[in-house]
Amino acid sequence: MSALPQPHGAEPPDSEYEDLLGQWSDLESALSMLLARPAQAQDFTAKVRQCDRWLQDLVAHDIDAALYLMFQLATTSTVGYSASHALVCGTLCHILAQELALPPHERDSLVRAAFTMNIGMTALQDELAAQREPLTAQQQQDVARHPQAGMDMLEELHVTDDLWLDVVAQHHAPLPESAPLASLPAQERLNRILGTIDRYAAMISPRKSRAGKSATDSVRAIVGQDDEQRDEVSLTLVRTVGLCPPGTFVRLDNGETAVVLRRSEKANFPLVASLLDAKGEALGTPALYHTVRGRPRIQSALARSAVTVELSHRTMVRIGLYAAHRANTL
């Protein structure tokens, strides 16, 4: 794979962005250590809250950059799958909690449940991500009981938030998707949000046994194809992050392959950076397109496995910020 060159003249107006990739990676590492060795954490609950505050700061700083880095992290490696999956779910739960105007205590319980819902099978989840063979009978049993095992472990770690604990224990429980979220008890409301995001994040993430799906295919599989199948959580997810969120790959109608950098004021018409020409050759410098302005348009979403170019994520975030800054000052 060939690396893209550093662009000229793309210095962002905010130097803090230079450090954003490192901060995101540090958060994933901290969460990975916490989930892998929870008993060694001094005040586990406080450490989870600290990761939560860190996440909130990164998203508040720039939601598009956060989405870009999160989706790239989720789709490019199976190393530390459990922590990566937890971070994707926690980030999307935080973003949707804001969109759905959840009360602060529900938002807190939701995000912390997303971080820790699989703590009862952290090592197994990493093992399964790298496993090509079908699950053994013992693995199936361990997967089936991990919600209860996770709740029991969290109680041993002195987690006292009943809503957090209940959501972890019930996060795979089937729930009807027709009732409005506002009409549900808090636990069922949070379970439905987390369940939808959990399925979506699992679909986009690659494993040894299969490549990850494109974000668009994952959303469509969850949202359904007709109005009767569509769920309030899924529709909010699409409206908020888009069918092609920052950090995902697309084929343009001019034949080029691009990565999505930022959302725009119009849903599903993002800013993209073209990486490969119509023949599949790497472009010397990424070509920026504001698809909201017209051609080229997005023709289809692509799974990460279909794109053979190596990205500098720091460069891509800086290009996106620079382009957005210029667009806002024109």
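Things worth noting here:
- Residue pairs meeting the criteria (Cβ under 7 Å; at least 6 apart or on separate chains; first closer than 17 Å to ASP166 by Cβ, in the range 83-111; second buried (at least 18 other Cβ atoms within 10 Å of the Cβ) and among the aromatic types (Phe, Trp, Tyr)): SER109/TRP164
- Filtered by the rule that a residue be of a type in the set (Val, Ile, Thr), crowded, with 16+ Cβ neighbours inside 10 Å and farther than 21 Å from LEU243 by Cβ, the range 275-316 gives VAL309, THR315.
- Residue match in the range 135-145 (condition: in contact with a Ser or Thr (Cβ under 7 Å, 6 or more places away or on another chain) and closer than 29 Å to THR45 by Cβ): no
- Residue match in the range 18-40 (condition: closer than 22 Å to SER82 by Cα, at pLDDT 95 or above, surrounded by 16 or more Cβ atoms within 10 Å (Cβ to Cβ) and among the polar types (S, T, N, Q)): no
- Test: residue in the range 109-120 that is over 29 Å from ARG263 (Cβ atoms) and of a type in the set (A, V, I, L, M, F, W, C): yes
- In a residue-by-residue description of the range 76-84, the property of being among the small types (Gly, Ala, Ser), modelled with pLDDT of 90 or more and over 30 Å from ILE319 (Cβ atoms) applies to no position.
- Test result for ALA267, of a type outside the set (Ser, Thr, Tyr) and either modelled with pLDDT of 90 or more or in a strand (DSSP E or B) (or both): no
- Restricting attention to the range 222-256, the residues that are part of a loop (DSSP other than H, G, I, E, B), among the polar types (S, T, N, Q) and at pLDDT below 85 add up to 1.
- Within the range 47-69, tally of residues that are over 18 Å from GLY22 (Cβ atoms) and aliphatic (A, V, I, L, M): 2
- Counted residues, the range 162-183 - those being charged (D, E, K, R), crowded, with 16+ Cβ neighbours inside 10 Å and under 16 Å from PHE115 (Cα atoms): 1
- Of all residues in the range 200-221, those satisfying the criterion of being more than 20 Å from ARG107 (Cβ to Cβ) and modelled with pLDDT of 65 or more are ALA202, MET203, ILE204.
- Single unsatisfied condition, ALA267 versus (1) of a type outside the set (Ser, Thr, Tyr); (2) surrounded by 15 or more Cβ atoms within 10 Å (Cβ to Cβ); (3) touching a helix residue (DSSP H, G or I) at 6+ places or on another chain (Cβ under 8 Å): (2)
- Test result for GLN187, in a helix (DSSP H, G or I), of a type in the set (S, T, N, Q) and modelled with pLDDT of 90 or more: yes
The values are calculated or read from the model by the stated rules, or taken from the named source; none is laboratory data. No experiment lies behind these values; they were computed from the predicted model shown. Please note: Cβ atoms are built from the backbone with ideal geometry, for glycine as well, and neighbour counts cover all protein chains shown.
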